[in-house]
Amino acid sequence: MSALPASVGWTGDAVRIIDQRLLPGQLSVRDLATVDEVVDAIATLAVRGANVIGSAGALGFVLGVRAGLDADDTAARLIAARPTAVNLRVAVGLALDAYHAGRDPLGVALGLLTADDEQTRRIGELGRDELAGARVILTHCNTGRLATTGWGTALGVAYAIHESGRPLTVLATETRPLRQGARLTAWELAASGIDVELLVDSAAAAALGTGRVDAVIVGADRIAANGDTANKVGTRSLAVAAAREGVPFYVAATLNAIDPSTASGADIEIEERSADEVLDTPIEGVRVWNPAFDVTPAELITGIITEAGILRAPYSDSIAKAVQA
Ligand SMILES: CSC[C@H]1O[C@H](OP(=O)(O)O)[C@H](O)[C@@H]1O
């Protein structure tokens, strides 16, 4: 997997990405030279994963101001590309603040790439130690090297366990409708030599009921001040099933996925996507509800693994302390 190009980078005059829509069949690297191209790449999930879209958004902002576009309008367009992951708003906001302060936003954007690598490595190490006895973990969607500029958040824990030499099996859910688990997680884990078993989303509760899963660990797109967490649709179902079966349920996320201004999960805007992601061919008289995310209530979360430590209930307190530190 070390041969995998960076999930996002800067060429000097373009934002370089892997077009994740084409994986695993085709590893296609694209250079995005305009804000329009970056907005489209984020909106179509050519580049995806909360952490990576933040980095892509910040670099896209640099493209905009270098092209002479209005800074605030450019930032607003990039942030609007996908509404749920707060990382995008935070990262673009940092670049915008730097610009208005007369500092080069490129330095901020490139710094985010490095910080994400360091932060996700720390998350992996903390998660490895927290899950000291785990041999089988179940995860959802993709949170690894394609979704961060490091080894990942939830998958960072898998990489850290594997790097320590401990035996590990990862159960990866397919993650419909865009199949990030099948196309991305299973692919990157297998390429890294980690034992991975793919299952359809609707088999996850049954897997948890077998007793073979030691922990569930997922990523986050936005963590509210009370610990309610928005993540890929299907996460809530996993948390409910894990609670039923007494399986620990962890969220792994960098601190920039926490939004203190969002009081609870009810205040998180959930992106809804088009019907054609679910139905190849429209069916007369059939509506489609296609939310990209759902919200897991804080009381179903065993711990939130961050680079600053593992946050535990009551999350209003532990989150407040973490973001103030
Ligand atoms: C570090 S990835 C976090 C998060 O982002 C993914 O969403 P998407 O594939 O729609 O960009 C997924 O919810 C991951 O858990």
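In the set (1) farther than 26 Å from Gln119 by Cα; (2) hydroxyl-bearing (Ser, Thr, Tyr); (3) crowded, with 16+ Cβ neighbours inside 10 Å, Thr44 fails one condition alone, (3). The criterion of at least 3 residues that are on the phi > 0 side of the Ramachandran plot and in contact with a His (Cβ under 9 Å, 6 or more places away or on another chain) is met by none of the helices (runs of 4 or more DSSP H) falling completely within region 21-120. The residues of region 200-218 that are under 19 Å from Asn231 (Cα atoms) and either among the basic types (Lys, Arg) or within 20 Å of the chain's Cα centre (by Cα) (or both), listed by number, are Val200, Asp201, Ala204, Ala215, Val216, Ile217, Val218. Starting from residues that are away from the ligand (no atom under 15 Å from the Cβ) and of a type in the set (A, V, I, L, M), keep the ones in region 23-57 and report whichever is farthest from the chain's Cα centre (by Cα). Top of the filtered list is Ala33.
Taken together, Ala220, Ala215, Ala239, Ala204 contain a single residue that is within 14 Å of the ligand (Cβ to nearest atom) and under 20 Å from Gly144 (Cβ atoms), which is Ala220. Yes or no: region 136-153 includes at least one residue that is within 28 Å of Ser202 (Cβ to Cβ), among the β-branched types (Val, Ile, Thr) and over 19 Å from the mean Cα position of the chain (by Cα). Among the residues of region 136-153, at least one is within 28 Å of Ser202 (Cβ to Cβ), among the β-branched types (Val, Ile, Thr) and over 19 Å from the mean Cα position of the chain (by Cα), which makes the answer yes. Could you please let me know if Asp129 is within 14 Å of the ligand (Cβ to nearest atom), over 16 Å from the mean Cα position of the chain (by Cα) and not basic (Lys, Arg)? No: the conditions fail for Asp129. With the structure loaded, tell me whether Ala241 is open to solvent by 70 Å² or more (accessible area, probe 1.4 Å), among the aliphatic types (A, V, I, L, M) and in a helix (DSSP H, G or I) or whether it fails that test. No.
Rundown of residues vs (1) more than 28 Å from Thr44 (Cα to Cα); (2) outside the structural domain of Ala308 (by TED's automatic domain parsing); (3) in contact with a Pro (Cβ under 9 Å, 6 or more places away or on another chain), yes/no style:
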{"residue": "Arg244", "(1), (2), (3)": "yes, no, no"}
{"residue": "Val247", "(1), (2), (3)": "yes, no, no"}
{"residue": "Val251", "(1), (2), (3)": "no, no, no"}
{"residue": "Glu277", "(1), (2), (3)": "no, no, yes"}
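Which condition does Ile17 not pass, out of (1) surrounded by fewer than 22 Cβ atoms within 10 Å (Cβ to Cβ); (2) within 20 Å of Gly144 (Cβ to Cβ); (3) away from the ligand (no atom under 12 Å from the Cβ), if it passes all the others? Among (1) surrounded by fewer than 22 Cβ atoms within 10 Å (Cβ to Cβ); (2) within 20 Å of Gly144 (Cβ to Cβ); (3) away from the ligand (no atom under 12 Å from the Cβ), the lone unmet condition for Ile17 is (1). When region 279-312 is filtered for residues that are within 22 Å of the chain's Cα centre (by Cα), of a type in the set (A, V, I, L, M) and open to solvent by 20 Å² or more (accessible area, probe 1.4 Å), the ones remaining, listed by number, are Val295, Leu300, Ala308, Ile310. Take Thr153 and decide whether it is of a type in the set (Ser, Thr, Tyr), more than 16 Å from Asp294 (Cα to Cα) and within 16 Å of the ligand (Cβ to nearest atom). When the stated conditions are applied, Thr153 passes them. Answer yes or no: is there a residue in region 4-14 that is of a type outside the set (Ser, Thr, Tyr), within 16 Å of the ligand (Cβ to nearest atom) and either part of a loop (DSSP other than H, G, I, E, B) or open to solvent by 10 Å² or more (accessible area, probe 1.4 Å) (or both). The answer is yes, given that some residue of region 4-14 is of a type outside the set (Ser, Thr, Tyr), within 16 Å of the ligand (Cβ to nearest atom) and either part of a loop (DSSP other than H, G, I, E, B) or open to solvent by 10 Å² or more (accessible area, probe 1.4 Å) (or both). Filtering region 193-227 down to residues that are β-branched (Val, Ile, Thr) and in contact (Cβ under 8 Å) with a residue 24 or more places away in the chain, which residue is nearest to Ala134 (Cα to Cα)? Ranking the qualifying residues of region 193-227, first place goes to Val213. The condition of being over 20 Å from Ile123 (Cβ atoms) and among the hydrophobic types (A, V, I, L, M, F, W, C) holds for only one of Ala220, Ala191, Ala160, that being Ala191.
The values are calculated or read from the model by the stated rules, or taken from the named source; none is laboratory data. Worth saying up front: this structure is predicted, and the values here are computed from it rather than measured. Here the Cβ is made from the backbone with ideal geometry for all residues, glycine too, and neighbour counts use every protein chain on show. The accessibility values were calculated without ligands, DNA or RNA, using every heavy atom of the protein model including side chains. Shrake-Rupley method; radii C 1.70, N 1.55, O 1.52, S 1.80 Å.
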